[in-house]
Amino acid sequence: MDGRRLGHNKGCGFGGLTRIALLGSVSIGMVLASAWCGGTAYAQTSQQGSIRLDIRQQDLGPALTRFADQAGLRLLFASSLVANRTSPALSGSYTREQALSRLLAGTGLSYSFTSANTVTISGRAAGTAAPLADDGSLVLDVITVTAGQGGNQQEAPYETPAPTAYISEKAIERFRGSSPADIFRGTPGVTSGEARNGAGAIDVNIRGMQGMGRVAVTVDGAENAVTVYQGYQGTSNRTFVDPDLLGGIDITKGSDVTSNGIAGTVAMRTLDAADIVQDGKNYGVRVRGGFGTNTSSPKAGAVAGYQWPYASWASPVATPSPTGMDRPALLSPTSGSGSVVAAVKEENFDLIAGYAYRKQGNYHAGTNGPSAYPIHLGPRRVCSTPTYCQNYTDYIDNGGIANYRAGEEVLNTQLETQSWIAKGTVRFGDGHSVQLGYNGFRSEAGDLLASRLTNDRGQAVQQAQTTGTSVDSVTLRYRWKPADNDLINLKTNLWWSKLEMRNPLRAGYRPPKPGDFRSGSDTDMWGAEITNTSKFQLAYGSADLTYGLSYRGEDTRPSRGTKEAETWLDLRDGIRHEAAGFAKAAWRPADWLTLNGGLRYQYFWSEDRNAPELVRPDYTYDTRLAKGGISPSIGVTVEPFDGTQFYVNYSNAMRLPSIMESVSAFTMNVNSHLKPERSSNWEIGTNLRREGLLSANDKGMLKLGYFDWTVDDYIARQWYTFPNGVSGMRIFNIDRAHFSGLELSGRYELGGFTADLAANYYTNVEFCRTAGTCENKSLYADYSTNHIPPRYSLALTLSQKLMDDALTVGGRISHVGARAIGHGDVTAQGASQFIALVDWKRHTLVDVFAEYKFSKNLTGSVRVENLTDQYYVDPLSLVQQPGPGRTFYASLTATF
């Protein structure tokens, strides 16, 4: 939380407004109070047209950046102009012109307003032309752009005293991969599970926690998450989005009182009109088409890998599949994609609409690495359970990590998607704006029931049916931010999502259904948020206050015919609600010190609509649950030098049971004694920014942080014998789980060269069923088994602009370490291993790309993913299958 960029108030007084704000966290009455104060005694400035500034003496470049931030201006200047220049201190009320004149006094520089909110700094009198080169062209120096209340989003994490990250539209385009899950590679502490068997969805894991709403994921402010049954392997938690229509992703790791995500928040934004319409125009069109390689058309009934001897009396021969080895040539187009987006941007309104289509077959695995191959071990006694063993005369083992051969077609990985976006924004003046938006998503994807491929000996079979997904989301947003009142920055959001999923039958027929019948679920999700930020200038420093209310609802039930078709399954049928009020404040008593604090109260209630006598009469069902509680946070940020931040943040965040944990489903009983999770989170970090490191025009940024999370009453799953003697799965609380580690992000820029470094290392991951039984192992029956991240990971991305910036070349090398901890039952009770560990080996992947601007309106790009054709298994998978091998992509983008 940042306490800068503040206004001034005399009429209401800080004490009175604070009391109103606390009430506002319950009733939002502060908004009305803010409007009343702003209309009478409040003034953002102490005199008409002036701004309250507090800028210490420092280098001119950072001083101009801080001025732009506080004044809400966009500044354009050459980096060399401000190098080795110092600005005077400014403290008091100034007009924008007075402030600029004082900041530039004695430098020989001048300024000119090129629009109401854009200022150009030059080294000559405003309006004087720059000299022309011999060929008549105008030669410009390196230009630095700094924008008030926004700035460069790529650099924002290095200025934010919290563990945040940003994935830009350009990064998404360059490293899109074969699955949407690939866009999170290279983000320290963030991974998406089920990357290759997720039906084209994402399942975000932050620092070892995922699923059950632990990570709040939204697309344009709307949720669209569904939990998919995966047999004894647990569940997939899926959110659907098409990366081709994304404009950027903001990530916060850890809790924030404004969000329900205990482990973090992932806010994905689709394209806006500003992303499409070029400067100086009021309309724009972007058309993109491309192709990929390394895929084959699925053939129902095909099998993969080897058929291994199934018993000691079987012939000691591993029989390879007769199909799957006809991998296409590297440059042979086997998949395609296309999109078109059009936008209009006028002074009072914006419009944008877009459509994207993508189709790809089953990808082929790489050839370099631990692929499947038979190893004859000779006589061996093999035990599948403690009581059942067989004596083999010649036991054949798999020498690889998955039952797929090098370069083999990986079954059930095909994907076909269609996506739509439409948004309209109207601005009414005085800071009022309304936006209505729609996102649509349709997919047909391969989706193997995970429990059918959990080790290196299982043989995958290509399913005849795909999993179908339909998502429709509608959002309505309103914002009020008057230019002359810092007490009001009001944002409201209403949203609704409808998600339908249809998958091949999981358990059989009862009674018989048509051969093409697919079971599934229908889910409606809806919500509303209202927040306001008020800024104050105090006798000692400045402060800002953010407060609001939120509500989320979810109604999920089996699709028509599913209850009659699926057997031995408890199908989730229930409704859940959650409401919250929150307030957080930042007080900046000095230019170098910021103190933060926040409070969130949330409450949930759910109802299970399953009829016990129709599902599991021997289970004890609890039809309603309701719980609530408070989550506080506090923090401090110190900035001893310009471009240097040190921060310590602590939060005690609560997560209320999800609909998965509060409504019976999937042979799992509800537990009326279930408690909310409560996570004690420590974040300690530093941000460093420097210019002129190795050259007068270079720039470097570094973000280093340590986190320590202790999650008391961690919600897990266990095999349990109920008082009536019936055994089955049950949701319950263990004493705690613990996650700690280090994260590093760095960025260096010099002319057209850019380097980005991302790394993380887990110092501890442990689960404690009781206070005295802690181990660095996951529990046998709990979903967290395959949520455990790699012990460490590292990614380095390099890019260089050439040929007068027409050509950009670059690449990324990423290394993934082994699993952070082992797998076992911390109680040593010997319970069955209901969730199998999907292991992976350390691996290194290399991706390269090149982009060339043929003209102002036409750009071509090529990329090769997994350049060295590695054979690997992705972390956090639920199935034991390899990722895609070397794949070539090419595309053309035209803009008008």
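The values are calculated or read from the model by the stated rules, or taken from the named source; none is laboratory data. Keep in mind the model is a prediction, meaning the values are calculated, not measured. Here Cβ is always computed from backbone atoms with ideal geometry, including for glycine, and neighbour counts include all displayed protein chains.
Does E578 satisfy being in contact (Cβ under 8 Å) with a residue 24 or more places away in the chain, outside any strand (DSSP E or B) and farther than 30 Å from A483 by Cβ? Before you say what the answer is, go through the steps one by one.
Numbers: in contact (Cβ under 8 Å) with a residue 24 or more places away in the chain: yes; outside any strand (DSSP E or B): no; farther than 30 Å from A483 by Cβ: yes.
When the stated conditions are applied, E578 does not pass them.
When each of G127, G108 is tested for being modelled with pLDDT of 65 or more, assigned to a loop (DSSP other than H, G, I, E, B) and farther than 27 Å from K170 by Cα, the lone residue that passes is G108. Considering (1) in contact with a Pro (Cβ under 6 Å, 6 or more places away or on another chain); (2) without any contact (Cβ under 8 Å) to a residue 60 or more places away in the chain, the lone condition that L494 does not fulfil carries the number (1). The single condition among (1) out of contact with any Leu (no Cβ under 8 Å at 6 or more places or on another chain); (2) modelled with pLDDT under 85 that G92 does not meet is (1).
Selection of the range 775-807 for residues being surrounded by fewer than 17 Cβ atoms within 10 Å (Cβ to Cβ) and assigned to a strand (DSSP E or B) yields L796, L798, Q800, K801, L802, L807.
Residue-wise test of (1) farther than 30 Å from N398 by Cα; (2) touching a Lys or Arg at 6+ places or on another chain (Cβ under 8 Å); (3) at pLDDT 95 or above; (4) crowded, with 20+ Cβ neighbours inside 10 Å.
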| position | (1), (2), (3), (4) |
| --- | --- |
| A267 | yes, no, yes, no |
| G284 | yes, yes, yes, no |
| A314 | no, no, no, no |
| D326 | no, no, yes, no |
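Candidates are the residues of the range 155-188 that are touching a Phe, Trp or Tyr at 6+ places or on another chain (Cβ under 6 Å) and part of a loop (DSSP other than H, G, I, E, B); the one that is farthest from T686 (Cα to Cα) is S178.
Would you pick out the residues in the range 333-347 that are modelled with pLDDT of 95 or more and outside any strand (DSSP E or B)?
Here is the first cut: in the range 333-347, the residues modelled with pLDDT of 95 or more are 333-344.
Once the filter is applied, which keeps residues that are modelled with pLDDT of 95 or more and outside any strand (DSSP E or B), the range 333-347 yields P333, T334.
Here A311 meets the list (1) among the aliphatic types (A, V, I, L, M); (2) in a strand (DSSP E or B); (3) closer than 28 Å to Y404 by Cα almost entirely, failing just condition (2). Inspect the range 553-574 for any residue being closer than 20 Å to M212 by Cβ, of a type in the set (K, R), at pLDDT 95 or above and surrounded by 15 or more Cβ atoms within 10 Å (Cβ to Cβ) and give the result as yes or no. No, there is no match, as no residue in the range 553-574 is closer than 20 Å to M212 by Cβ, of a type in the set (K, R), at pLDDT 95 or above and surrounded by 15 or more Cβ atoms within 10 Å (Cβ to Cβ). The set of residues in the range 59-95 that are free of Cβ contacts under 8 Å to residues at least 60 places away in the same chain, of a type in the set (S, T, N, Q) and farther than 21 Å from A590 by Cα comprises N84, T95.
Which one of these is of a type in the set (F, W, Y) and in contact with a helix residue (DSSP H, G or I) (Cβ under 9 Å, 6 or more places away or on another chain): F722, F739, F767, F753?
Numbers: F722 fails: in contact with a helix residue (DSSP H, G or I) (Cβ under 9 Å, 6 or more places away or on another chain); F739 fails: in contact with a helix residue (DSSP H, G or I) (Cβ under 9 Å, 6 or more places away or on another chain); F753 fails: in contact with a helix residue (DSSP H, G or I) (Cβ under 9 Å, 6 or more places away or on another chain).
None of the others qualify; the one that does is F767.
Being in a loop (DSSP other than H, G, I, E, B), of a type in the set (A, V, I, L, M, F, W, C) and out of contact with any His (no Cβ under 6 Å at 6 or more places or on another chain) is a description that applies to M325.
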